[in-house]
Amino acid sequence: MDSVVSRLLAAGETEPRRGRDPVNLPMIRNWLEAMGDRHPGYELFAPPAMIQVWTMRGLSPGAPDPLQEMSVALDEAGFPNVVATDSEQVYHRYLRVGEEVSVRSRLESVTGPKRTSLGEGWFVTTVSTWFCDDEPVATMRFRILKYRAMSGSSPVAATPLKPVITADTAFFWDGITAGELRIQRCGECGALRHPPGPACPRCGALKQEHTVASGLGTIHSFTVHHHPPIPGRRAPYVVGLIDLAEGVRMVGEVRGPRPVKIGDPVRVFFDGGLPVWRPDLPIVEPWTLEVTPTMIISTALATRDFQDVHHDRDAAARRGNPDIFVNILTTTGLVQRYVTDHRPDAVVRGISIRLGTPCYAGDTLTFTGTVVSGGEIAIVGRTARGVHVTGTVGVAS
Amino acid sequence: MISPTCAIAGIGATEFSKDSGRSELRLAVEAVRAALDDAGLRPSDVSGLVTFGMDNNPEIAVARELGIGELRFLSRIGYGGGAACAVIQQAVLAVAAGLADVVVCYRALNERSGRRFGRAIASPDPDSGWHHPMGLATPAAMVAMVAQRYLHEYGAVPDDFGRVAVAMRRHASTNPYAWFHGRPITLDEHRASRWISEPLRLLDCCQESDGAVALVVTSLSRARDLPQPPAVISAAAQGSGPDQFVMTSYYRPQVASLPEMGVVARQLWEQSALTPADVRTAILYDHFTPYVLMQLEELGFCGRGEARHFVADGGIELGGRLPVNPHGGQLGEAYIHGMNGIAEAVRQVRGTAVNQVPGDGPVLVTAGTGVPTSGLILV
């Protein structure tokens, strides 16, 4: 395998490989229909998230590319399974119907063996550039994990650690149920306090009352938890120590589009009976879709991805999956749809995503988004299994 | 006030391992017997037993197995590793009050092969209910929250934590009793070790160990008649700070500080009439590297936020201004909840340590950090 890696690294970029068809309306319409994307702008121009589709190999492989060669080498080295983990696409411009696209790829890195939640494996990263004639029109950094499935591994215990509710703390948890973040307030001197207790440390009164917090705060400190596994949670995740606007501190998970910093403003929401914090930024209305076998198969075919795990449940099961699952080109397409449904006028400049837990047939997928800046929207797609995708979409209006 | 009326007259331990293959009670019995042998005493001489609130071995069970007979003093101290030096203080109080002649302090645990402290558990403690359900459920994560703030406030970087780990592993590398004997690490290895809870990496966290340590406390006059040179207890202190929690004292104005260790430090200096400059070597509780930096500051060995310079200048190395944990600490030797550190302090006083620090100055020992804690000065 080492020799394959060094040969591919030395070889650099491949010769251009032409797509089977020019950019064409029937494939665009198939793609839009499968994605459920009703954006009116794609009659002359192709959806940018289709870029990879134009040069997919389909069922008739031609000249080998670095990704394919590394896949074969890792198959032989005993890492037969594959998942795509990252896709960072940059679109220099939209493609017009009729344009001919070719692609050149190079191997960027091969790292491993790494222990992952799926099993031991290697990350293979390639960089592709698409051209119309000599003009680069899009680039993509693409990462896959080639792995051997863990044997006899036990799934993460599903039951999260429960709050400890006592006579002194019940008001806080009743508040969560009521959609309020409550802070203990002394009924005598008015002092605020968290965590709560039966007495007021300031005046000694045993007169517990509460006030409802504004839900705004800043990050005083935080940690990103990686190991060991915590019941009911998927690592890595961020836990913050939040300075509430009211002057008390509180610990809670922070979910957001980017690494947090001390001092970041955050706002509370409630999930799973717990207060959770997110960056205090404008949000994109959430979008929920039911992931059916039909949707998985039609989008896989519309993206010219004929990997068996996206249409053949028996094949998916043989590779350790409960069902067929959404391919990464489709996740990219759904991310684009989520953003352009919200901002129909936006020109999509790039989509960078990282995949987490697979999205299987029967799952309910919910996208949430945050407007990080005028040109950047951060998205998260979750199913009941965990975070399926996180990423950012670069837009220009 | 503790005056130097008592001494540690015997130390005993099992081997330190990842799988003792024996019950915790048996480890306790082996360590207590070894400590008594070291002190030249018999089980029948023992009138008191003290251990940690977390220890699974009842005093009466240890007494039964060793044939100690009657006990006149039984005591336990809570708050995990914060108890380490406080159990000695309990023994001193009992001996000084005339309640007991010989008190043995012990701690025995199969912490690697049995219940691993590093794992998350569902605790019924109301205080933990503000942290565990939110995903902050392991000691490393709880320390990481403080460590991140420490980095922020003082402009320190994770390498500053790494240098502590490197020093401890270097010390352990020449200690045949250490789990990491012969296995020093480099700063690059620290940087490459996997994240546990950012900003803490694997090599910032002490090991999980199986083993037991026991220490025999008796009056100074009796200790002088025993075979070993007495390690005189010059100071023994316990402390908790304002708004104290166990590992999660996040609700104080200063999160990146250890005021409970300040409470202990002030008492140690006052009781002993010593100053930080007098200390020959310090055994600092090192379950996680950031707290070694913060202890150096809290104990007065350097100013607030300056420990990283002290460490980068080699201050904690053998031959440095203040050699810290010559045995390799809990990062290098074993994690026996701080009790192996007290045994090392006794060896340093006796002059029998494998990495002996020259001189005859006092030896300082601290107990668990981030919790109500304790400390000792031995001379």
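The values are calculated or read from the model by the stated rules, or taken from the named source; none is laboratory data. Everything quoted here is computed from the prediction, not taken from an experiment. Neighbour counts are summed over all protein chains in view; Cβ atoms, including those assigned to glycine, are modelled from backbone coordinates with ideal geometry. Just the protein is used for accessible areas: all its heavy atoms, side chains included, with ligands, DNA and RNA removed. Shrake-Rupley method; radii C 1.70, N 1.55, O 1.52, S 1.80 Å.
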- Relative to the longest principal axis of the C-alpha atoms of chain A, give the angle of the C-alpha long axis of helix A:328-342, reported between 0 and 90° and rounded to the nearest 10°. 60 degrees
- Task: Could you work out, residue by residue across B:192-202, how many beta carbons of other chains sit within 10 Å of that residue's beta carbon, and then give the average as an integer?
- Result: 4
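Quickly estimate the mean residue ellipticity at 222 nm for the protein assembly as shown, helices only: each DSSP H run with n ≥ 4 gives -39500 (n - 2.57), and the total goes over all residues, rounded to 500.
Theoretical 222 nm ellipticity from helices: -7500 deg cm²/dmol.
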- How long is the gain from residue B:121 to residue B:183 if the chain were fully straight, where each residue apart is worth 0.36 nm and the alpha carbon distance is subtracted? 19.2 nm
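On the protein heavy atoms, probe 1.4 angstrom, tell me the percent of accessible surface of chain B carried by carbon and sulfur.
Values: 6430 of 12550 Å².
Result for chain B: 51 percent of the exposed heavy-atom area is carbon or sulfur.
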- Task: For the range B:102-221, just say rounded, prolate or oblate: build the C-alpha gyration tensor, square-root its eigenvalues into a ≥ b ≥ c, call rounded for a/c under 1.5, and beyond that prolate if a/b exceeds b/c, oblate if not.
- Result: oblate
- Query: By how many degrees, 0 to 90 and rounded to 10, does the Cα axis of helix A:25-35 deviate from the longest principal axis of chain A?
  - Reply: 30 degrees
- Hey, can you list the residues from the range A:230-277 whose accessible area shrinks by 50 Å² or more with all protein chains present, relative to the chain by itself (probe 1.4 Å, no ligands or nucleic acids)? A:241, A:249, A:251, A:262
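Per residue, how much accessible area does the range A:255-397 show when a 1.4 Å probe rolls over the protein heavy atoms, in square angstrom? Mind dumping the intermediate values first?
Values: 5870 Å² over 143 residues.
Accessible surface, normalised per residue, equals 41 Å².
Take the solvent-accessible surface of the protein heavy atoms, probe 1.4 Å, and return the percent of it on the range A:1-155 that carbon and sulfur atoms account for. Walk me through the numbers on the way to the answer.
On the way: 4100 of 7700 Å².
About 53 percent, which is the carbon plus sulfur part of the accessible surface.
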- Message: Considering only C-alpha atoms, what is the centroid distance from the range B:50-95 to the range B:247-316, in Å?
- Response: 27 Å
- Query: Once you average over the residues of B:144-150, how many Cβ atoms of partner chains fall within 10 Å of each Cβ?
  - Reply: 5
- Message: What distance in nm separates the two pseudo spin-label positions at residue A:301 and residue B:97, each 7 Å out from Cα along the beta-carbon direction?
- Response: 8.4 nm
- Task: Could you calculate the FRET efficiency of residue A:100 with residue A:347 from 1/(1 + (r/R0)^6), where r is the beta carbon distance between them and R0 is 22 Å, rounded to 0.05?
- Result: 0.45
- Give me the Debye-computed log₁₀ of I(q)/I(0) at q = 0.26, 0.28 Å⁻¹ for the range A:253-292, equal point scatterers on Cα only, no solvent, two decimals. -0.98, -1.05
- Item | Shielding by partners - mean other protein chain Cβ count within 10 Å, residues of A:190-199 | 2
- Item | Label-point separation, residue A:6 to residue A:165 (7 Å along Cα→Cβ), nm | 6.4 nm
- Message: Please list, in order along the range A:284-295, the HN-Hα scalar couplings obtained from phi with the Karplus expression 6.51 cos²θ - 1.76 cosθ + 1.60 (θ = phi - 60°), rounded to whole Hz, x for Gly and Pro.
- Response: 9, 3, x, 10, 10, 9, 7, 8, 9, x, 4, 5
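Averaged per residue, what accessible area in Å² does chain B show with a 1.4 Å probe, protein chains only? Provide the component values of the computation, followed by the final result.
Numbers: 12550 Å² over 379 residues.
Value for chain B: 33 Å² per residue.
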- Note on the structure: Between the Cα axis of helix B:158-173 and the main Cα principal axis of chain B, the angle (0 to 90°, nearest 10) is 40 degrees
- Message: With a 1.4 Å probe, what is the total accessible area buried between chains A and B, in Å² rounded to the nearest 100?
- Response: 3000 Å²
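Computed FRET efficiency, Cβ-Cβ of residue A:214 and residue B:37, R0 60 Å: what is it to the nearest 0.05? Before the final figure, lay out the partial values.
Working: r = 65 Å, r/R0 = 1.08.
My answer for the efficiency is 0.40.
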- Distance in nm between label sites at residue B:202 and residue A:207, each 7 Å beyond Cα in the beta-carbon direction? 5.7 nm
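Rounded to the nearest percent, how much of the accessible area of the range A:161-212 (1.4 Å probe, protein heavy atoms only) is carbon and sulfur? Can you show the working numbers first?
Numbers: 1310 of 2630 Å².
It is 50 percent, rounded to a whole number.
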